[in-house]
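The values are calculated or read from the model by the stated rules, or taken from the named source; none is laboratory data. Quick caveat: nothing in here was measured; it's all calculated off a predicted structure. Positions of Cβ are generated from backbone atoms using ideal geometry, with glycine treated the same way; all protein chains shown enter the neighbour counts.
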Amino acid sequence: MKLLYSLVAVVALSACGGGGDSAPAAPRIFNVVYEVSGTGVRTASATYRTPAGATQQDKVTILNSPAKLPGIIGSYSAREGDFLYISAQNDSSAGAISVSILVDGKSIGGASSSAPFGIATFSKACC
């Protein structure tokens, strides 16, 4: 009978998981960049989600290359499942406006509009 109690105690203790040192894996961090570009467009009003989860609006000047709007200034980090959002309105009655979101240097999607004072909006959960 003692042998049975000893065996039950060993099985119960091993089921408690006291022998593992595995910590939960750290969440993966992704580099996010918002882009606003246009053809025949000088300026746009862009609205986007910041790393803190707030919505921010900025006026951007669009030249020959895309105006980058990552967070406040520069790129920022996001975790899996974070909500990413970019919207831009063409400030004139001509031209086309486009937005896109890049994660770790690769586009995850975008949108465009060629309507007068058109708005392009794209959103997606991170990664």
- [ ] State yes or no: is Ile72 at pLDDT below 90 and in contact with a Lys or Arg (Cβ under 9 Å, 6 or more places away or on another chain)?
- [x] no
- [ ] Provide a single number: the residues in region 11-39 that are surrounded by 10 or more Cβ atoms within 10 Å (Cβ to Cβ), modelled with pLDDT of 75 or more and of a type in the set (Gly, Ala, Ser).
- [x] 2
